[in-house]
Amino acid sequence: MLERAIFFDRDNTIIDNDGYLGDAKQVKLLPNAAAALAALRGLGYRLIVVSNQSGVARGLFSEADVKAVNLEMCRQLKDEAGVHIDASYYCPYHPEATVGAYRQDHDWRKPKPGMLLQAARDFDLDLSRCWMIGDQPRDIAAGAAAGCRTILLRDPDHQLPDAEPAGLPVSSDYIIKSLGDAARIIAREGATKPPQPVPAAKPAEPAPAPPPPPPSEPAPATVPAVPVTVPTATTHLARLEKTIDDLVLQLRHQSRQAEMPRDFPKTRFAAIIVQVFAVLALIVGFYHLMTASASLKGSDWHVAMSTLLRGAIWTLSAIFLQVLALTLLHLSKDH
């Protein structure tokens, strides 16, 4: 069965960046981005980043800087919420590049869908079951051209970093404010077992090359951008009711998690083990004492005394183990 994925733009979608970012030290995750990606991963989607990086073509930074920024973003996501990014694709080309090696209208540059189509081949994806999330109309156009459903992040308080080309289709399935809202929308698609990371399947990022595109990266045929019809008011109302239901279920789940006990102390576990041995020793001791009593009735004094001694030793051992168990239990309460 083909897999599902969610494609993300990088800048102002996952990390905060209003310009050209080539310094890994300046990487800063957007609020709640890591939690939203963790929730989407839990729904069974692969997480793939696709971003235009024309700063390389403009000579502002190198491809090595882009990779360093991507690695730092992945590290922060992993540290904050245990999020695994399956792959990070980027396009360093621009048709008006100042660096000659990058001056071309590459099929990987959004709004073209090249990066999404390449990821579909690398990860065996069903693009009709995938999503594209970004803060720019070019992200939506690339997702629609690849056959994905689309979500446009549009924060009224946040200015777009640069203007989009005239006539670029911007119609998306949803226009929302945050990745958290996107996660709640996509949750209605259903959940599957989270995919396991496949390091060997991670694609190589594009290397600079003059046109036409290098043979190692065959250029897929460009699919014409197809605007997606915006849902009606009735559809929005039904989806809003479903979103409220989803929020109630999530709150119940979080409440159950809050009631779960903390990690079981090691000293308490040791106390339980010692208590078990104390009970066993006490049982063996009583058995020998009863056997000694029976031997005394039969006038077998030698056997009776030997059995009585063993019973006393086992009984004393049981008492010692019981004291040790109580001591360990007391220590576990202190911690």
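Only the coordinates and a few stated rules stand behind these numbers; no lab work does. For clarity, every value in this text was computed on a predicted model and none was experimentally measured. Here the Cβ is made from the backbone with ideal geometry for all residues, glycine too, and neighbour counts use every protein chain on show.
Would you mind computing, in nm to one decimal, how far apart the modelled labels at Ser306 and Lys25 are, each placed 7 Å from Cα along Cα→Cβ?
Placing both labels 7 Å beyond Cα along the Cβ direction yields 8.2 nm.
Apply the Karplus curve 6.51 cos²θ - 1.76 cosθ + 1.60, θ = phi - 60°, to the phi angles in segment 69-74 and return the couplings in whole Hz, x for Gly and Pro.
With the stated coefficients, segment 69-74 comes to 5, 4, 5, 5, 4, 4 Hz.
Between Phe286 and Val323, with labels modelled 7 Å along Cα→Cβ, what's the label distance in nm to one decimal, could you check?
Those two pseudo-labels are separated by 2.2 nm.
Which peptide among 317-329, 1-13 comes first, and what is the full order, when sorted by highest mean count of other Cβ atoms within 10 Å?
Values: 317-329: 16.4, 1-13: 21.0.
Highest mean packing first, the order is 1-13, 317-329.
Which semi-axes, in whole Å and largest first, does the equivalent ellipsoid of segment 1-126 have when worked out from the alpha carbon gyration tensor as the square roots of 5 times its eigenvalues?
Details: eigenvalues 123, 74, 20 Å².
Semi-axes from the Cα gyration tensor: 25, 19, 10 Å.
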